[in-house]
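One structure is given here, and the rest of the page talks about it.
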Amino acid sequence: MNKTVLSGIVMTTFSYFLFSLQDASVKWLVVGYSVWQILFTRSITILLLCLVIGRGKLVRRAISSPVVKPLFVRNLLLLAAWLSYFNAARDLGLAEMTTLYYAAPIVVTLLAVPILKEDVPPIRWFAVFLGFVGVLIACDPLGTGMKLSLPVFLALMAAVFWAIGTVMLRKTALEETTLTQMTISNVFFIAMTGLAVGFYWTPPALFDVALMAGTGVIAGIAQYALFEGMRRAPISVIAPFEYTSLVWAFGLGFLIWGDIPATNVFAGAGLIFIAGVTIIVGERLAHRRAVAVASHGAGADA
């Protein structure tokens with residue numbers, strides 16, 4: 001398999017594990033603090049990490065970067081996704097929310113063709129839909145009697161906003177360094193969340209400050225891994241690996257809160273695993289064919 005693509009898959013999967021770990025940390029924090037305050041502190045932590053590494057050279061590059069406008073639009077989309085998701089969460093169960101939100105990889109794969117001009121072979125489509133079936137089985141949304149409603153629409157819009165933002169990230173990842181993109185993105189998030197945090201600020205305890213900062217460090221590493229993964233692999237290849245965050249979420253729920261997943265969760269996780277293996281095997285075979293064709297062409301020319 002192309003080592004660059006494989007590294008992109010590994011880094012993307014690792015990033016979704018870290019994002020799941022971040023979500024577990026946030027679950028502790030939202031009991032006493034607003035989402036605005038947590039996102040604000042998280043973004044400041046990530047920005048400080050970027051500045052410590054890149055210093056003045058990074059600041060100058062970020063100011064003159066050609067991806068400032070696209071990243072501003074992408075951050076607006078992500079903010080819209082989170083607002084839609086959290087508003088829908090008031091009326092929908094976790095299973096319903098998770099299933100609807102995981103329509104995003106399908107939308108990402110659909111958009112990869114007209115926007116990124118990617119050639120998406122049938123095996124990638126199969127993997128995306130197989131992973132989604134795994135999510136359906138794991139979450140069992142039909143057992144809750146889910147019906148079309150405003151909260152359902154908001155959850156679907158969150159998936160669409162996230163998918164468009166992911167496609168935009170692939171485009172900017174090919175034009176700018178990861179550290180620069182992280183700097184620009186978190187400056188925008190500090191500005192956006194800073195407008196609201198003044199109304200929702202709660203003086204934090206020392207332990208909670210450390211937890212928020214730790215959440216920012218985890219999120220910063222996750223962002224770096226995700227951005228690098230986007231640079232190295234086509235988005236239609238790594239889209240199904242977003243489903244792995246569901247597996248990480250159930251695993252962390254068991255380790256931290258003692259939540260024991262039902263049998264359907266293990267069955268769904270198995271399908272998600274098969275979807276990931278399908279992508280890896282498919283890309284490996286495609287790489288072998290490409291090498292064979294190139295070798296045959298070289299031999300014919302000789």
Most packed first (mean Cβ within 10 Å per residue), the peptides 52-62, 169-179 order as 169-179, 52-62
Here FRET efficiency (C-beta to C-beta, PHE153 to ILE115, R₀ 22 Å, nearest 0.05) is 0.40
Percent relative contact order for the chain, counting Cα pairs under 8 Å at least six residues apart, stands at 42
Note on the chain: the mean projected area of its alpha-carbon convex hull, in nm², is 18.0
Segment 5-20 scanned against label point 7 Å out from VAL281 along Cα→C-beta; backbone N under 19 Å for 6, 9-10
If the chain between VAL31 and PHE207 were fully extended at 0.36 nm per residue, the gain over the current Cα-Cα distance would be 61.9 nm
Taking a probe of 1.4 Å and leaving out DNA, RNA and ligands, the chain shows per residue an accessible area in Å² of 49
Site ALA292, offset 7 angstrom along Cα→Cβ, radius 20 Å on amide nitrogen, limited to segment 114-133, gives 121-124
Ignoring ligands and nucleic acids, TYR33 exposes an accessible area, probe 1.4 Å, in Å² to the nearest 10, of 30
Between TRP125 and ARG60, the FRET efficiency computed from the C-beta separation at R0 = 35 Å comes out, to the nearest 0.05, as 0.25
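The values are calculated or read from the model by the stated rules, or taken from the named source; none is laboratory data. Owing to the predicted nature of the structure, the values given are computational and were not obtained by experimental measurement. All Cβ positions, even for glycine, are placed from backbone atoms using ideal geometry, and neighbour counts span all protein chains on display. For accessibility, only protein heavy atoms count, side chains too; no ligands or nucleic acids. Shrake-Rupley method; radii C 1.70, N 1.55, O 1.52, S 1.80 Å.
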